[in-house]
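J.: Here it is, the structure in full.
The values are calculated or read from the model by the stated rules, or taken from the named source; none is laboratory data. Remember, it's a predicted structure, so these values are computed and weren't measured experimentally. FYI the Cβ positions are ideal-geometry reconstructions off the backbone, even for glycines, and counts take in every protein chain you see. These accessible areas exclude ligands, DNA and RNA; they are computed on the full protein's heavy atoms, side chains included. Shrake-Rupley method; radii C 1.70, N 1.55, O 1.52, S 1.80 Å.
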Amino acid sequence: MLCLGIESTAHTFGVAIMRDKTELSSASDTFTTKEGGMNPPVVARHHIELKEKLLGKALSDAKVNLEDIDLISFSKGPGLAPCLHVGKNFAAELAKKAKCPLIGVNHICAHLEIGRMITGTKDPVFVFVSGANTQIIAHEGGRYRVFGETLSIGLGNALDKFGRIAGLGFPAGPKIEQLAREGKLVELPYVVKGMDVDFAGIITKAELLLKKGAKVEDLCFSLQETCFAMLAEVTERAVAHCDKEEVILIGGVAANKRFCEMLDSMCRDRGCKFHPVPLKYCGDNPVMIAWQGMLEHNYNRREEDLGTVEINPRWRIDELNAEWY
Ligand code: AMP
Ligand code: MG
C-alpha cells in the first residue's frame, strides 16, 4: 500500500510517502521565529504558502505520482485549529484528485505508534513530551491510558515560554539545552501531585529569578534538572504499576540528551530498558501520520466521508479504541 501522510497540527507542515513499512520520502518545514512565539493564524499562513512545494518534493523524492497513492492520512487533532484546517482541506482536496480513501488520525497516537515501530518495542510505557503535551501513557485493557500528565502547560511550551521571556527565540528547547551546559543548580519548585506534574509555577519562579538577576545559564540548567526529574519520578511509578519492561521517549523534548540520560539511568536501576527514538521521529513529522493511517486502515478500513471531513482540536489519546495494538 502506498500512503501519503500530512502533518499540520502546530509549527510543522509536512508530507511523507510510505510504501508499507518503508519510508519513500518526507518533506517538511517548521515555522520558527527569532523572537516571540507561535501565533496560530501566522503559522497557518506558513503552512498554506509551503504546502504545494512540500507535496511536490515528497512526490518527486518518492518517484511516484499523486494518482499512484492508495490512501491519504492527515492529523485530525489535537492541535491548533487554524493549522489543522490547512492540513485537513489539503488532504481532502488531494484525496479527491487521487480518487483514494482519506483517513484522519490522532496526532498523539501517531507519535506513539511510530515510536513503537521504529524502536521495535512491543508494549512500552510512553513518555510523551512535546510542545503542547506532556503525558505518561501505557496501553492497558485495549486502550491507551494516561497515567500521569501536566496539570497546566506541556513541558515544551513551558520551556518556550521561558525562552520568550529570556529572549531566546522559538523553539527555545535546543537553546536551553545548550545554555544549561554552562549552568549551576538554583532551587525551583518541584511539583508532582499524585501522578501528575505542573510546570506553570516553575516558569513563573524562573521568570522572577531572571528579573532579580539570576544567570540565564543557571536557570536553563535548573529548569532541565527539575522538570526532567519530576517526569522520571512519575514514569518510574507508571512502569512499576503497569509492570512494563520498556520505556520510550517521544515528542520534541525527546531531542534533549540530558532527559534521555536521566530516563536511561532510572530504567537501568529498575531493570527495564530505555529506548530513545531517533530525532527525526521524535518531533512532529509526516511519516508518523502516514504510518498511523495505514495501521488503522489495514485494521478496519475506516475512512472519512469526503463531504463532511472535520478536525478535532481537543482529541485526547484516551478517547480512542486502539484496536490495532
Ligand atoms: P513537538 O511539539 O513534539 O514538535 O515538540 C516541540 C517542542 O520541543 C518545542 O517546545 C521545543 O522547544 C522542544 N524541544 C526541541 N528540542 C529540544 C531540546 N533539545 N530540549 C528541550 N526541548 C526541546
Ligand atoms: Mg506533536
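J.: Being under 16 Å from Glu304 (Cα atoms), away from ligand 2 (no atom under 16 Å from the Cβ) and buried (at least 22 other Cβ atoms within 10 Å of the Cβ) narrows it down to one residue among Phe74, Phe90; which is it?
T.: None of the others qualify; the one that does is Phe90.
J.: OK, next. Just to be sure before I move on: is Met38 within 30 Å of Glu236 (Cα to Cα) and aliphatic (A, V, I, L, M) in the structure I sent?
T.: No.
J.: Sticking with this structure for a sec: How do the pairs read when you match residues in the range 43-56 that are under 20 Å from Met18 (Cβ atoms) with residues anywhere that are crowded, with 19+ Cβ neighbours inside 10 Å and modelled with pLDDT of 95 or more, using Cβ under 6 Å and keeping only pairs 6 or more apart or on different chains?
T.: Pairs found: Lys51/Phe90; Leu54/Val15; Leu54/Ala27; Leu55/Val15.
J.: Oh, and also: Considering (1) open to solvent by 60 Å² or more (accessible area, probe 1.4 Å); (2) within 15 Å of ligand 2 (Cβ to nearest atom); (3) of a type outside the set (Asp, Glu), say which one Lys63 fails and leave the rest.
T.: It fails just one condition, (2).
J.: Contact list please: Cβ distance under 7 Å, first residue in the range 290-301 and open to solvent by less than 10 Å² (accessible area, probe 1.4 Å), second residue assigned to a helix (DSSP H, G or I), pairs at least six apart or on different chains.
T.: Cβ pairs passing all conditions: Gln292/Cys109; Gln292/Ala110; Gln292/Glu113.
J.: I would also like to ask the following. Can you tell me how many residues in the range 257-279 are within 15 Å of ligand 2 (Cβ to nearest atom) and either crowded, with 19+ Cβ neighbours inside 10 Å or free of Cβ contacts under 8 Å to residues at least 12 places away in the same chain (or both)?
T.: 1
J.: Do we find that Arg314 is at pLDDT 95 or above and either outside the structural domain of Val127 (by TED's automatic domain parsing) or of a type in the set (Phe, Trp, Tyr) (or both) in this structure?
T.: For Arg314, the condition - at pLDDT 95 or above and either outside the structural domain of Val127 (by TED's automatic domain parsing) or of a type in the set (Phe, Trp, Tyr) (or both) - is met.
J.: In the set Leu155, Leu179, which member is touching a residue at least 40 places away in the same chain (Cβ under 8 Å), under 29 Å from Lys34 (Cα atoms) and within 16 Å of ligand 2 (Cβ to nearest atom)?
T.: Answer to the selection: Leu155.
J.: Restricting to the range 83-134, what's the tally of residues that are part of a helix (DSSP H, G or I) and within 16 Å of ligand 1 (Cβ to nearest atom)?
T.: Adding up the residues that qualify gives 13.
J.: Additional query: Of the conditions (1) buried (at least 18 other Cβ atoms within 10 Å of the Cβ); (2) within 15 Å of ligand 2 (Cβ to nearest atom); (3) hydroxyl-bearing (Ser, Thr, Tyr), Thr30 satisfies every one except a single condition; which number is it?
T.: All conditions pass for Thr30, except number (1).
J.: For the structure I just gave you, tell me whether Cys83 is more than 18 Å from Gln292 (Cα to Cα), in contact (Cβ under 8 Å) with a residue 24 or more places away in the chain and open to solvent by less than 10 Å² (accessible area, probe 1.4 Å).
T.: In short, yes.
J.: Give the residues of the range 211-226 that are surrounded by fewer than 18 Cβ atoms within 10 Å (Cβ to Cβ) and either in contact with a helix residue (DSSP H, G or I) (Cβ under 6 Å, 6 or more places away or on another chain) or not assigned by TED's automatic domain parsing to the domain that holds Asp198 (or both), sorted by residue number.
T.: Passing the criteria: only Glu217.
J.: Residue check: is Lys184 farther than 21 Å from Val127 by Cβ and either of a type in the set (Val, Ile, Thr) or away from ligand 2 (no atom under 16 Å from the Cβ) (or both)?
T.: In short, yes.
J.: Consider only pairs whose beta carbons are under 7 Å apart and that are at least six residues apart or on different chains; among these, list those whose first residue lies in the range 1-14 and is open to solvent by 10 Å² or more (accessible area, probe 1.4 Å) and whose second residue is assigned to a strand (DSSP E or B).
T.: Qualifying pairs under 7 Å: Met1/Leu71; His11/Thr30.
J.: For the range 11-26, give me each residue that is at pLDDT 95 or above and under 17 Å from Asn106 (Cα atoms).
T.: Those that are at pLDDT 95 or above and under 17 Å from Asn106 (Cα atoms): Thr12, Phe13, Gly14, Val15, Ala16.
J.: Right, another one. If Glu35 meets every condition in (1) more than 19 Å from the chain's Cα centre (by Cα); (2) within 22 Å of Gly104 (Cα to Cα); (3) within 16 Å of ligand 1 (Cβ to nearest atom) apart from one, which number is that one?
T.: (2)
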